[in-house]
Each structure stands twice: as C-alpha cells, then as structure tokens.
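Here the structure comes first, spelled out in structure tokens, and everything after it is commentary.
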Amino acid sequence: MHPLELESHGRAPLAGASSRLKLLAALGIITLTALLPRRPHILYLIPATTLLLLWPFCRMPLGYAVRRLLVAEMFILGIALLSLVRPAAAPIFFSSLIKSNLCVFSMLLLTWTTPFQDVLQELRRLRFPAVMLTTLALMYRYLPVLGEETRRMSRARASRTFARRRLGTWQSLALIIGQLFIRSADRAERIYLAMCARGWK
Amino acid sequence: MSAAVEVRKLSYQYPQHGRLALDQVSFSVGEEECIGVLGPNGAGKSTLLLHLNGLLPEHVAPAPSIWIGGEPIGPKNLDLVRQRVGLLFQDPDDQLISATVLEDVAFGPRQLGVEGAILKALVGQCLDQVGLSGFEDRQPHRLSHGEKRRVCLAGVLACKPSVLVLDEPTSDLDPRGRREFKALLQSLPGAKIIATHDLELVVDLCSRVIVLDEGKLVAEGATRALLSNEELMLAHGLEKPHSLMHRHPHGPASPVS
Amino acid sequence: MVWSCDWEPAEHKQMHLPDGFLDAKTALLSSGVGVAGVGLALRQVGNSVQSRQMPMLGLGAAFVFAAQMLNFPIAGGTSGHLVGGVLAAILLGPSAAVLVMTCVLIVQCLMFADGGLTALGANVFNMAVVNVVGGYFVFKLLRSVIRMEQHRATVFAAAFAGWFGTVLGAVVCAGELAFSNTVPWSIAFPAMANVHMLVGIGEGLATGLIVLAVLRARPQLVPSGRDAGFTLRSGALGYGLLICLGLTLFVAPFACPWPDSLEAIGARLGLPSQTTAAPLAGYRFPLIGSATVATAVAGAVGTIIAFIAAYALARAVVPVFGAPKKDASTGT
C-alpha cells in the first residue's frame with residue numbers, strides 16, 4: 001500500500017474530491033499550523049480537530065499513518081531536541097513537535113487521497129513551467145521502470161557476490177548506480193526518438 | 001502507383017564510432033505488402049527502421065534515399081513522414097511516456113491538432129482495435145508486457161499511418177501473447193515492415209523477406225523460398241524455421257542434415 | 001507483471017526540513033532565493049539544452065530518485081544513501097541538475113509526504129541550489145586546478161565536491177533554523193556541520209565511485225573538465241550571487257563571534273528579551289563565540305581531511321595512466 005499504488009485506495013470518499021480543493025486545503029491547514037504561536041496553545045486544537053474530522057473520509061489506515069509518522073519522527077525529534085539546548089526551551093520544543101506532526105499528518109492525508117498525476121494536472125493549470133512539468137511527468141512515469149531495473153541489477157549482482165567487504169559493497173553499488181545512469185541516458189535517447197516518431201517537436 | 005516505401009542505396013555511418021551500419025541498401029514495399037527484415041544482431045535492422053521514420057540520419061542527407069508513398073524524406077516533410085510511418089519500438093517502456101494509457105494514445109494525435117471529444121473517441125477506437133477497450137485510465141506500469149505493447153500499437157495507430165514499421169514486435173511475449181499479437185497485426189491494413197528474429201511470425205505474416213548482414217542487403221525474396229534455403233540462413237546467423245522443416249504440421253520431424 | 005513497490009523512504013538521512021520549524025519570514029525568504037535559483041536554471045536550460053536532451057531531465061530525476069533508494073552500508077549495521085545533487089551536477093550539468101533535484105524534492109514532498117510543504121522552498125534552496133551548484137563550483141575549480149591524470153582528477157574533484165556540497169547545504173540549513181529562532185545558532189551550526197561533515201564523507205565517496213563507474217563504462221557521458229566550462233554565460237555569476245545571498249541572509253548574521261552584532265540582530269528581530277537577560281549574557285555569548293569558532297576550526301580540519309581522503313580515494317581506485325583496470329564485474 002503506497003502512494004504509487006493509488007488505485008488501490010481510490011474508493012475513499014475524499015479521493016473523488018477536486019484535487020485543487022485538497023491541495024489548497026492542505027496548504028491552508030499547514031500554513032495556519034506553521035503560523036500558530038510558538039508555544040502549546042489552545043489554537044492548536046483547530047488544525048488537530050480538522051485533521052481528525054477529515055481522517056475518516058480519507059480511509060487512511062492507522063498502521064500506515066503511525067508508521068509514516070514514526071519515520072518522520074526521526075528527523076523531527078532530531079531538530080526539536082536541538083532546540084531544547086537553550087534556556088526556557090520547552091515551549092518551542094513542544095510547539096515544534098506538535099506543529100511538525102500535524103503538518104506531516106496533513107501531507108499524509110493529502111498524498112493518500114491524491115494521485116500524483118492529479119497534482120500534475122493541478123500544477124499544469126497553475127501554469128507551472130513547462131520544462132518542470134515534462135520533467136515531473138517523465139520522472140513519475142519512469143520511477144517504476146528504473147526501480148525495477150535497479151532491482152534486477154542488484155539481484156544479479158547479489159547472486160554473484162560471495163564475499164562481503166564494505167568497500168567492495170560500495171564499489172559494486174557505485175557500479176550499479178553508474179550503470180543505471182548509463183541506461184537512463186540510453187533510454188532518454190530512445191524516448192526522444194519514440195516521441196519524435198509520433199510527431200513531437 | 002508508387003510503392004508505399006522505396007529505399008534506394010541507403011548508407012549510414014555512425015558518427016560516434018565511424019562504423020558503417022548500412023551499406024547501399026535498396027528495396028521497396030508495396031501498398032498492402034508485409035515484408036520481414038531478418039539478420040543477426042547488429043546487422044543494422046534497427047538502424048534501417050529509424051531511417052524509415054526520418055529519425056536517422058541526425059542531419060538529413062543532401063540527396064534523398066527513401067521515399068514514402070512517392071514522397072522523398074527530407075527536412076521539410078519530416079512531420080508528414082512521421083505521421084505516415086508508424087514506428088513501434090522494441091521496448092514498450094521507451095514508447096509509453098505518459099502517466100495513463102489515455103494520455104499516451106492521445107500523444108500522437110495531439111501533435112496533429114486533434115483535441116476534445118474527437119480525440120477521446122479516436123483513443124477509444126484505437127484501444128478497441130488492439131483489444132484493450134476500457135483501458136483508458138490504467139497506468140502503464142501496471143500493465144503486462146503484452147498489454148504495454150498493444151497500448152504502444154494503439155498510440156501508433158492513432159496517428160493513422162499508412163505504413164507500420166515494427167521492431168521485434170513479439171520479443172518478450174509469451175506464446176499466447178505472441179499468437180494474439182500476430183492475429184492483431186494480421187487484421188491491420190496497410191504496408192508493414194517487421195524486423196524480427198521470430199521466423200514463425202515471418203512465415204505467417206510476410207510474403208517477402210529481406211536479409212541484412214553487416215549493413216548489407218544480402219538476400220531478398222519470397223518468404224518460403226528464402227527461409228528454406230538452409231545454407232543462406234545459417235550463413236547469416238539465422239535458421240530454417242521449424243514450420244518449414246516438416247511436410248505435415250503434425251508429422252515426424254525430418255532430421256536436420 | 002504488476003509492479004509491486006516498496007518505495008517508501010525507509011530512513012531519513014537527508015536534511016529535509018519538515019513543516020513547523022521555520023517561521024514565516026525564513027520560509028518566505030528561503031523560498032524566494034530557491035525560486036530565483038530554479039528560475040535561473042530554467043533560463044539556462046531553455047537557452048542551452050536542445051530538445052533532444054529534454055527527456056534526459058525526467059530520466060535524470062527518476063535516476064536520482066532510484067539511486068537514493070540504494071542503501072550504502074556504514075559501520076555497525078547502519079546505512080546511508082546517496083543524495084546525488086553534486087553527482088547530478090557533474091553528469092548533467094549544473095542547471096539541469098538544479099531542475100532535476102527540484103523535481104525530486106517536489107515528488108518527495110507531494111507524493112511521499114517527505115519534507116514539508118511550507119519548507120519546500122527552503123529545501124529546494126538548500127539541496128537543489130546550494131548543494132548542487134556549490135558542489136559544482138568546487139568540482140570545476142578543482143578539476144581545472146589539479147594537474148593529474150584526467151580520470152583521476154575527475155574522481156578526486158567529484159569526491160571532494162560531493163563532501164563539500166553536503167556540508168554547505170547543511171550549514172545553510174542550520175542558518176535557516178537559527179534565523180527562524182527555532183534552534184540557537186550555537187547549537188544548530190556545530191550539530192549540523194559536524195554531522196554533515198561525517199555524512200558528507202559517504203556522499204563524497206559514493207559520488208567519486210559512481211563518476212568513476214560511468215567514466216569507465218561510457219566516458220563520453222561525463223562532460224570533460226575542459227569543454228564544459230562553467231562560465232558567466234552559463235549562469236555561474238547568477239548562481240554565485242544567489243548562494244552568497246543565502247549565506248548572507250541565513251549564516252552571516254550568526255557567524256561572527258562578536259556578541260555586539262548578535263545582540264543587535266537579536267534586538268532587530270525582536271527576540272524575546274529573556275534570552276539576553278543579565279544572568280545569561282555572562283555565559284551565553286562566550287558559548288556562542290567559542291562554539292562557532294570551534295566549529296569553524298573543526299570545519300577547516302575536516303576540509304583538509306576530506307581533501308586528503310578524496311585524493312587518496314582517487315589514487316586508490318584510478319590506476320596510473322588511466323589504463324582501465326580489467327574489472328570482471330563491470331558487465332551486466
């Protein structure tokens with residue numbers, strides 16, 4: 001279950017909502033949260049309740065949310081702990097912690113209900129630069145292809161790896177990534193030809 | 001009536017390593033003809049196919065050596081040539097560039113200025129033609145290899161080409177996929193040029209074949225006669241197809257001498 | 001075959017800022033310089049990149065993303081991964097790399113909820129502009145100064161630039177945190193700089209090795225130091241100014257060890273008065289000063305060590321006279 005596999009949870013009530021609305025709502029909630037006072041405050045309940053109320057309409061499983069929040073926590077806690085090393089730091093520490101988690105949670109809800117291609121559509125309507133749009137679209141399309149290619153190469157490499165040396169592993173990873181780049185460049189060339197063959201200018 | 005494709009003394013040298021990839025190749029293809037292009041790996045088959053679409057040479061040659069429906073390929077008519085000649089690439093992942101099947105099939109017609117409801121209808125019709133009705137909203141990375149190939153073909157058909165050029169159309173397909181793809185190709189009108197190692201496909205589809213080796217056209221002739229010439233086949237990294245070895249399709253196989 | 005994926009970014013080892021740590025002024029300012037950097041890159045790419053190379057931007061972005069998924073083992077069962085900004089700059093050119101890294105960050109943010117939305121501008125500036133172009137500046141500089149066999153010089157410059165770009169990006173990130181008054185500079189700077197001087201070693205090593213792998217297999221894909229100049233026309237001046245602007249905005253206010261300037265800035269930014277209250281003044285400012293100075297010294301030492309390490313790496317992995325070593329495992 002994953003953002004790339006969005007068809008699998010396409011039935012959530014909010015998945016059908018306009019993606020512009022969802023993007024704006026997420027942006028609104030996150031901006032509001034970021035602008036709230038930097039100490040735990042009653043106002044923090046506004047984004048918190050909004051998100052809790054929205055959650056059931058997104059059908060995002062609890063396990064997924066917890067797992068992703070925990071992953072994000074590594075970094076959030078890291079920075080938050082740094083902020084502790086100062087006098088009277090507790091308010092800033094707790095407010096950063098709460099704010100960050102609320103924001104991550106809104107992003108999780110957004111990405112869970114909004115396929116990336118809808119985001120792309122929205123960006124297109126917002127007149128995002130064409131070069132960036134093409135790059136994003138091609139990137140989205142070829143992520144799985146390159147991922148599969150990486151996996152095949154890693155597997156082939158692993159089947160011929162008999163001894164474990166750390167630098168050796170690094171070198172073979174570098175070879176895989178180097179090879180991946182070469183294949184990407186070759187594929188880019190073939191894609192260019194295929195696009196031209198269908199009249200692209 | 002002019003031939004669908006006419007190639008006269010086509011030569012090409014790769015600028016990177018200077019190797020002669022095509023050496024004075026000449027042949028022609030009739031309006032409804034289907035020909036096979038055979039040859040070992042590296043014989044220049046793919047290079048030839050790229051030329052048919054005006055993708056090679058990088059800088060258009062001073063004198064034309066390819067005519068599509070009587071029109072010489074030159075810098076001025078590249079768009080026309082690319083619309084008339086539909087090229088199906090070997091790896092469907094190279095060709096499928098959009099996030100959804102609908103977007104991808106629409107890619108070609110959009111360049112030709114087709115939009116809106118007409119475009120949608122055209123896409124539906126092309127998907128129908130390749131047996132993938134209702135696949136509009138699917139994502140390419142969730143399709144099987146055979147389905148990807150069909151979507152690519154639909155994207156090519158959407159430009160309404162008069163000549164289909166296919167690079168290894170059946171590689172990586174399972175037997176059923178191959179059979180279905182073959183039937184699909186058989187059902188399509190227009191001239192077809194198929195570069196392949198799949199000799200059974202050639203036997204079933206192509207009336208004529210040309211054999212390339214090291215950039216040269218080494219043989220040309222009717223499919224069955226040419227493929228039965230075992231000496232010629234072996235000399236160019238090919239072999240006599242299984243179906244031509246027995247008199248009866250279910251009889252005992254005659255030993256290869 | 002349906003592609004089943006496990007693309008979740010399992011571990012965060014990048015300096016992706018989440019939402020909630022930057023205040024409004026920092027988010028806006030850093031977005032401003034970030035957007036300016038991307039705008040400059042768009043202009044450069046529009047001027048110099050031919051339509052033939054357009055698909056390479058998308059594939060390059062997918063490549064960086066895929067490369068980030070591979071885990072490099074570090075000591076004690078931990079592992080890290082490549083960020084790839086400097087690598088992209090070396091392989092694709094700086095402006096293309098800025099766009100590629102920006103797209104990677106956008107996808108990470110909007111598809112994987114990885115990195116904040118209000119912090120996107122700051123992340124773009126740190127990781128797609130400062131890291132990429134800063135590293136590339138150093139790469140070009142070293143590449144043209146060092147007199148070594150060509151491949152060896154490229155690997156050396158790439159490894160050191162990979163390290164440098166990582167540290168530079170982290171320092172700007174620390175500056176943004178301090179500028180937001182979230183983490184005091186005296187803590188943010190040493191923590192971020194020291195950690196990333198270590199992290200950067202991995203980035204540099206990987207960058208060097210990958211550039212070498214591409215050099216061996218397909219040397220023409222790595223633009224050689226001579227023909228791909230980073231000149232005024234290719235935006236070097238613009239990028240340089242932007243990075244300087246970023247450093248001036250986010251780092252310079254804190255970098256000077258004199259308490260006067262800090263106090264003045266604190267007053268100007270309306271810092272809560274208790275931080276400058278009497279009991280603190282006594283021990284806090286020397287601490288800031290000493291921590292900054294200590295980190296600066298550590299930075300200098302770290303730079304020298306990284307420099308030597310990169311040199312040693314290049315000597316170790318690139319054979320003399322550039323005769324490609326027969327490597328049985330290069331085939332795929």
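The values are calculated or read from the model by the stated rules, or taken from the named source; none is laboratory data. Given the structure is predicted, the values throughout are model-derived calculations rather than measurements. Glycine gets a Cβ as well: all are built from the backbone with ideal geometry, and neighbour counts include every protein chain shown. All accessible areas refer to the heavy atoms of the entire protein, side chains included, with ligands and DNA or RNA removed. Shrake-Rupley method; radii C 1.70, N 1.55, O 1.52, S 1.80 Å.
Given the structure, is B:Gly39 open to solvent by 10 Å² or more (accessible area, probe 1.4 Å), in contact with a helix residue (DSSP H, G or I) (Cβ under 8 Å, 6 or more places away or on another chain), in contact (Cβ under 8 Å) with a residue 12 or more places away in the chain and farther than 30 Å from A:Leu120 by Cα? Talk me through it step by step, then tell me what you get.
Working: open to solvent by 10 Å² or more (accessible area, probe 1.4 Å): no; in contact with a helix residue (DSSP H, G or I) (Cβ under 8 Å, 6 or more places away or on another chain): yes; in contact (Cβ under 8 Å) with a residue 12 or more places away in the chain: yes; farther than 30 Å from A:Leu120 by Cα: yes.
No; evaluated as a whole, the condition is false for this residue.
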Here is a list of conditions, (1) open to solvent by 30 Å² or more (accessible area, probe 1.4 Å); (2) under 18 Å from C:Leu17 (Cα atoms), and A:Pro91 meets all of them except one; can you say which number that is? (2)
Return only the number of the condition from (1) open to solvent by 60 Å² or more (accessible area, probe 1.4 Å); (2) out of contact with any helix residue (DSSP H, G or I) (no Cβ under 6 Å at 6 or more places or on another chain); (3) of a type in the set (A, V, I, L, M, F, W, C) that A:Val85 does not satisfy. (2)
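Scan A:Leu21, A:Leu14 and give me the residue that is at pLDDT below 90 and either under 28 Å from C:Lys25 (Cα atoms) or open to solvent by 70 Å² or more (accessible area, probe 1.4 Å) (or both). Give the derivation first.
Numbers: A:Leu14 fails: either under 28 Å from C:Lys25 (Cα atoms) or open to solvent by 70 Å² or more (accessible area, probe 1.4 Å) (or both).
After applying the criteria, what remains is A:Leu21.
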For the list (1) surrounded by fewer than 24 Cβ atoms within 10 Å (Cβ to Cβ); (2) part of a loop (DSSP other than H, G, I, E, B), I need the number of the one condition that C:Val183 fails. (1)
Looking at (1) out of contact with any strand residue (DSSP E or B) (no Cβ under 9 Å at 6 or more places or on another chain); (2) open to solvent by less than 30 Å² (accessible area, probe 1.4 Å); (3) not in a loop (DSSP other than H, G, I, E, B), which is the one condition that is false for A:Gly199? (3)
Scope region C:39-50; condition open to solvent by 10 Å² or more (accessible area, probe 1.4 Å) and more than 8 Å from every other protein chain (Cβ to nearest Cβ); matching residues: C:Gly39, C:Leu40, C:Arg43, C:Gln44, C:Asn47, C:Ser48, C:Val49, C:Gln50
Only one of C:Leu110, C:Leu87 that is buried (at least 24 other Cβ atoms within 10 Å of the Cβ), within 10 Å of chain A (Cβ to nearest Cβ) and farther than 24 Å from A:Leu69 by Cα: C:Leu87
Name the residues in region A:84-112 that are within 16 Å of C:Leu22 (Cα to Cα) and among the polar types (S, T, N, Q), would you? A:Ser95, A:Ser96, A:Ser100, A:Asn101
Which residues, taken from region C:148-162, are among the aromatic types (Phe, Trp, Tyr) and open to solvent by less than 10 Å² (accessible area, probe 1.4 Å)? C:Phe156
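Looking at region C:114-123, which of the residues that are of a type in the set (A, V, I, L, M, F, W, C) and open to solvent by less than 10 Å² (accessible area, probe 1.4 Å) is nearest to the other protein chains (Cβ to nearest Cβ)? Before the answer, list the steps.
To start, the set of residues in region C:114-123 that are of a type in the set (A, V, I, L, M, F, W, C) comprises C:117, C:119-120, C:122.
Applying the additional criterion that residues be open to solvent by less than 10 Å² (accessible area, probe 1.4 Å) yields C:119, C:122.
Values: C:Ala119: 9, C:Ala122: 12 Å.
This residue is C:Ala119.
Considering only residues of region B:69-90 that are in a helix (DSSP H, G or I) and at the interface with chain A (Cβ under 7 Å from one of its Cβ atoms), which is most open to solvent (accessible area, probe 1.4 Å)?
That would be B:Asp79.
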Given (1) facing chain C (nearest Cβ under 9 Å); (2) under 30 Å from A:Thr49 (Cβ atoms); (3) open to solvent by less than 40 Å² (accessible area, probe 1.4 Å), number of the condition A:Glu149 does not satisfy: (2)
Restricting to region A:177-191, name every residue that is of a type outside the set (A, V, I, L, M) and at the interface with chain C (Cβ under 7 Å from one of its Cβ atoms). A:Gly178, A:Gln179, A:Phe181, A:Ser184, A:Arg187
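Select from region B:120-142 the residues that are within 10 Å of another protein chain (Cβ to nearest Cβ) and touching a residue at least 40 places away in the same chain (Cβ under 8 Å) and write down the one among them that is nearest to the chain's Cα centre (by Cα). Let's see the steps before the verdict.
As a first pass, look at region B:120-142 and keep what is within 10 Å of another protein chain (Cβ to nearest Cβ): B:137-142.
Within this subset, residues satisfying the condition of being touching a residue at least 40 places away in the same chain (Cβ under 8 Å) are B:139-140.
Numbers: B:Gln139: 25, B:Pro140: 21 Å.
Only one residue fits best here, namely B:Pro140.
Only helices (runs of 4 or more DSSP H) wholly contained in region A:25-117 count here; list those with 2 or more residues that are at the interface with chain C (Cβ under 9 Å from one of its Cβ atoms) and among the small types (Gly, Ala, Ser).
Details: elements: A:45-58, A:62-84, A:90-113.
The helices (runs of 4 or more DSSP H) meeting that bar are A:62-84, A:90-113.
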Report, ordered by the first and then the second residue, all pairs with beta carbons closer than 9 Å, sequence separation of six or more or different chains, a first member in region B:92-119 that is within 11 Å of chain A (Cβ to nearest Cβ), and a second member that is among the aromatic types (Phe, Trp, Tyr) and part of a helix (DSSP H, G or I). B:Asp93/A:Tyr142; B:Ile97/A:Tyr142; B:Ile97/B:Phe107; B:Ser98/B:Phe107; B:Ala99/A:Phe116; B:Ala99/A:Tyr140
How about region C:51-84: which of its residues are within 9 Å of chain A (Cβ to nearest Cβ), assigned to a helix (DSSP H, G or I) and over 23 Å from A:Ala130 (Cα atoms)? C:Ala66, C:Ala67, C:Ala75
Being aliphatic (A, V, I, L, M) and open to solvent by 10 Å² or more (accessible area, probe 1.4 Å) is the filter; apply it to region A:121-137 and report the residue that is farthest from the other protein chains (Cβ to nearest Cβ). A:Leu126
In region B:136-188, how many are in a loop (DSSP other than H, G, I, E, B), open to solvent by less than 40 Å² (accessible area, probe 1.4 Å) and more than 16 Å from B:Asp94 (Cα to Cα)? 5
